[in-house]
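Student: Take a look at this one; I'll ask things after.
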Amino acid sequence: MILKYLIEEFEHEVSSTRKLLQMVPEKDLGYQPSEISWTMGQLAQHIATIYYWYVGTLTQEVYDMAADQLKVGDPGDINATLAHFESNVEKARVALKSLTEDKLEDEWTMKMGDQVVLGPMKRSRVTRGFLFNHIYHHRGELIVYLRATGNKVPGLYGPTFEESQNP
């Protein structure tokens, strides 16, 4: 039963993430709110990349990110980021649909080479915490970047202030 709801939430939130990424203008990809922050382009690309991590997280008991050969595009090209997002969403969708309720209860660990980064923990917990909530967190950051640069923000859970003022 939990898996059914995770898949439904995934599909709904993919649409919201797509709407948000499509609002990122090429002209502001270099915007960086502080010297220790990512640029808007890097943040958008990170959001797109998280969907790639679904595969290792949902199909492997131990996901070694150091062994993974992830290729990302140019964070200065929003079209490359959008293509990266769409490709990764398809991979994530396949991985999510390969799960069973029993597999959600399996122990899972993330490593970076010999170093344990996360876990061990139940796959259901890492799916919610590391995958879903991680995306939501960074989407919130991207919304702040968009507002700080004077760009429009799409309503993800209802209309934004601007949308409500212009019916």
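Student: Could you give me the percent of Cα pairs per 5 Å distance bin for the stretch 61-135, shortest bin first, beginning at zero and ending with the bin that holds the maximum distance?
Tutor: 3, 13, 18, 24, 21, 13, 6, 2, 0
Student: Testing the spin-label approximation: label points 7 Å from Cα along Cα→Cβ at Tyr5 and Asn151. State their distance in nm.
Tutor: In this crude label model, Tyr5 to Asn151 measures out at 3.3 nm.
Student: Here's something else I'd like to know. Among Leu142, Pro159, Thr127, whose Cα sits farthest toward the positive end of the charge dipole of the stretch 122-167 (+1 at Cβ of Lys/Arg, -1 at Cβ of Asp/Glu, about the Cα centre)?
Tutor: Projecting each Cα onto the dipole axis, the largest value belongs to Thr127.
Student: If you bin the C-alpha pair distances of the stretch 1-149 every 10 Å from 0, what whole percents do you get?
Tutor: Histogramming the stretch 1-149 at 10 Å steps yields 11, 40, 34, 14, 1 percent.
Student: Taking springs between alpha-carbon atoms closer than 10 angstrom, which of Glu141, Glu35, Glu90 fluctuates most in the Gaussian network model of the chain?
Tutor: Glu35
Student: Excluding residues on the same chain fewer than 8 positions from Lys4, give the aspartates and glutamates whose Cα lies under 16 Å from its Cα.
Tutor: Counting by Cα, and skipping residues close in sequence, Lys4 has these aspartates and glutamates nearby: Glu13, Glu101, Asp102, Glu105.
Student: Could you give the nm distance between label points at Ala83 and Ser37, where each point is 7 Å from its Cα heading toward the beta carbon?
Tutor: In this crude label model, Ala83 to Ser37 measures out at 2.9 nm.
Student: While we're on this one: What residue among Tyr157, Tyr54, Tyr145 shows peak mean-square fluctuation when the chain is described by a Gaussian network model with Cα springs under 10 Å?
Tutor: Between Tyr157, Tyr54, Tyr145, it is Tyr157 that shows the largest mean-square fluctuation.
Student: For Lys71, list the lysines whose Cα falls under 23 Å from its own Cα; do not include residues on the same chain fewer than 8 positions away.
Tutor: Excluding near neighbours in sequence, the set is Lys91, Lys111.
Student: For Lys152, give me every one of the lysines with a C-alpha distance below 24 angstrom, ignoring sequence neighbours fewer than eight places off in its own chain.
Tutor: Partners within reach: Lys19, Lys27.
Student: Suppose every Lys and Arg Cβ carries +1 and every Asp and Glu Cβ carries -1, with no other charges. What dipole size does the stretch 2-165 come out with about its Cα centre, to the nearest 20 debye? Write down the numbers at each step before the final one.
Tutor: Details: 17 positive and 23 negative charges, 42 e Å.
Its charge dipole is roughly 200 debye.
Just so you know, all these numbers are worked out from the coordinates, no wet-lab data involved. All of these numbers come straight from a predicted model, not from anything done at the bench. Cβ sites come from the backbone with ideal geometry, for glycine too, and all protein chains shown count toward neighbours.
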